[in-house]
Amino acid sequence: MKVIDKLVICPVFNGYEAQIENCLKKNYKNSMVFSYSESEFLNRYTRALLLIYRQVFRPLKHLECYYFGLNKIFLWGAKNLVDRLDEELVSLGVERVDSILIIKGFGINYKDFVFFKTKYQPRNINMFQWDAILKYPTIKGLYKQCNKVYCFQLSDAKKYNYYYLPNYFVKETNVSLTYKKDVDVAYVGKFTLERYLAIRNIARKNDKLVFDINIFTKSRLLNYILDRKLLCKSPLTREKVNLLYNRSKSIIDMPIDNQTGLSQRFFEAINNECTYISLRRGICQVYFINMTISFSIVKMKYLLQLSKKENSLL
């Protein structure tokens, strides 16, 4: 009987899933990473509907019902992730999975996962939420299927009585600080109208500075009507992101409203000796005035360690 010792389910995001997979291969023989792109959930119709929904219901952004509607539109017509995972395991001849780590979990249907859990009988299931819990109300049932839930946001950990764990950090060994810092301000992220307008406003008011802005959107319409200098049609590779941050003096971070957890950009700024600029006041209040984590860094080896300790994720 073929058994997978460690299974990680996570979305594709800026090459972090590749870092996770490399770490697993180094530390565990029978391991597997099932990664998926959340952009695959969308088509031209749901993209247009999301854009309209966000503008019409913008005043409700602080409420869970706003994100519930957003989630439903996002997943409308999306392929079943659990079925895809099951098909892949069957093709590999896997009959049982010993330990599962779910990262983020958006797109995983609760009822389908219950069936998956019954079929593969995992001994341990843990969740690491590297986003604000408020954003994904449609996966609340998934948390109940886990032995432990960890979240990167301290306020969420306190509110839901989960374990607090900052986002991990992997020092890029291929980063060389010999490049000239010829970019004053850099930004890499997915398109939202709020982000676009805010960053465009900053760039216009500071026209003497050198900006390198990469706001990703596949929308042909947006690429046609908006400032193309700020947009990119495909996400940057991990290597290009590293090179850009290496050449930059500062990095802009603009998380969603109600998010106070430190994102990966904070750690990437440290790694590349950049100034970290957050456009969310709450992050500074939680992490710098109160010094909650005092710049503690959680490395991937720690995050995926096989241990009997309370903070072991796998």
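The values are calculated or read from the model by the stated rules, or taken from the named source; none is laboratory data. Please read these numbers as outputs of a predicted model, since none were measured by experiment. Methodologically, a virtual Cβ is constructed for each residue, glycine included, from the backbone with ideal geometry; neighbour enumeration extends over all protein chains shown. Only protein heavy atoms, including side chains, enter the accessible area calculation; ligands, DNA and RNA are left aside. Shrake-Rupley method; radii C 1.70, N 1.55, O 1.52, S 1.80 Å.
Details
- R0 of 30 Å, Cβ-Cβ distance Gln19-Lys159: FRET efficiency to nearest 0.05: 0.55
- Amide H to amide H, with H built 1.01 Å from N, Ser278 comes under 5 Å of Asp253, counting only residues 5 or more places away or on other chains.
- Among Leu42, Leu101, the order of accessible area from largest down is Leu42, Leu101, computed with a 1.4 Å probe on protein heavy atoms.
- Cα-projected label distance for Asp83 with Asp227, points at 7 Å along beta-carbon direction, nm: 4.4 nm
- Estimated FRET transfer efficiency (Ser37, Cys65; beta-carbon r; R0 22 Å; 0.05): 0.25
- For Phe191, distant residues with modelled amide H under 5 Å away: Phe216
- Couplings for the range 120-136, taken from phi via the Karplus curve 6.51 cos²θ - 1.76 cosθ + 1.60 with θ = phi - 60°, read 9, 6, x, 6, 9, 10, 10, 10, 10, 9, 9, 9, 5, 4, 4, 5, 10 Hz in order; Gly and Pro are left as x.
- Each peptide in 245-254, 61-70 gets a packing score, the mean of other Cβ atoms within 10 Å over its residues, and the list from highest to lowest is 245-254, 61-70.
- Using a simple spin-label model with pseudo-atoms 7 Å out from Cα toward Cβ, Lys72 and Lys140 lie 1.4 nm apart.
- Note on the range 6-91: Cα convex hull, mean projected area over all directions, 7.4 nm².
- Highest mean first, the peptides 15-25, 222-232 sorted by other C-beta atoms within 10 Å per residue fall in the order 15-25, 222-232.
- Database remark: amide H of Phe128 closer than 5 angstrom to the amide H of Ile102, Ile103, Lys104, Tyr150 (H placed geometrically; neighbours at sequence offset of 5 or more, or on other chains; Pro and chain starts carry no H).
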